[in-house]
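A quick write-up on the structure given underneath.
The values are calculated or read from the model by the stated rules, or taken from the named source; none is laboratory data. Predicted, not measured: the structure shown is a model, and the values here were computed from it. Counting neighbours? That spans all protein chains shown, and the Cβs are built from the backbone with ideal geometry, glycine included. SASA here: full protein model, heavy atoms, side chains in, ligands and nucleic acids out. Shrake-Rupley method; radii C 1.70, N 1.55, O 1.52, S 1.80 Å.
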Amino acid sequence: NLPGRLAGGLALVLAGGMTLIGPWALRNWIALGSPVLISPSGSVNLAIGNGRDATGWYREVPTPGLEGEARDRELRAQAASFAVEDPWTALYVVARLKWNAFWAGLPPWPLGSGNPSLFAGGFFFPSVSWRLVLFGGLLGLGLLSVERPRAALASAACAGAFVVWHMIFFGQPRDRLPLESLFLCWSGIAVAGLAARLAPRRAGRERVWAAGAAILL
C-alpha cells in the first residue's frame, strides 16, 4: 500500500542520510563542543537571507564581539525575530528576492567571475544556456507527467524540496548546480518525446536526436 511504501522509503532515506552525515556530525560535536549536523555556518547563512537588509543574495552579516555558539544564537535570534515581527517583508524576501537570485540566468561561480566575457549575453560557451535547459526541462517534465505521472511526481518533488531548502537561507546560481542535472534529464526527455511524435514511423530517429542533444547539452 502507498502509506507503507512511503514509510519504507522515508526510513531508507533517513538511514542513508545518517550513514553519510553521522560521522561528520560526530566530528563537529567533538571539535565544536555542540551538536552541529553538517556545517557550523548554518546560522550565518540563515541570517544572511533573513533580515531587513536582506537582498536574496549573499551579504556580510556583522556580529561584533561574538564568537562560536554565542554568535550562532544571536544570528538565529535575529532571523527568527525578523520573520515573526515582519512576516510580510519576510515573505517578500523569499518569494521575490531569494527566488530571483536562485533562478538568475547567470553563469555559476566561479565560471562567471573567472572569465565574465565568455558568458556575455547569457550564452555559456561551450555549455548550453541555462534558459534553454530550463524551458526544455519544463517541457520534458510536462511530457513525462502524461506518460509516467509517478516518475514525474517523484522527480518534481525532489526538485521542489531542493528549492525550498535554499529558500530558507539565500539564493545564488551556484547553489542551483545539482538541480540543473535534473533539468538536463528532463530536457532529454523533451527531445526524445518530440522526436517520437514528429517521426513515429521511422524507428530509431528519436534516439538519434536524443543522443545528439545530449552531446550538445
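Structure above, values below:
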item: Solvent-accessible ranking of VAL133, VAL191, largest area first, probe 1.4 Å; result: VAL191, VAL133
item: Heavy atoms of SER81 accessible to a 1.4 Å probe, total area in Å² rounded to 10; result: 40
item: Three principal axis lengths of region 132-203 [C-alpha, angstrom, descending]; result: 50, 24, 13
item: FRET efficiency, SER41 to GLU85 (Cβ-Cβ, R0 35 Å, nearest 0.05); result: 0.90
item: Contour minus Cα-Cα distance for LEU26 and LEU177 (0.36 nm per residue); result: 51.6 nm
item: At R0 = 22 Å, FRET efficiency that the Cβ-Cβ distance of VAL208 and LEU132 yields, to 0.05; result: 0.65
item: Computed E for ALA70/ALA161 - FRET, C-beta separation, R0 30 angstrom, nearest 0.05; result: 0.40
item: In Å², nearest 10: area of LEU26 left accessible to a 1.4 Å probe; result: 100
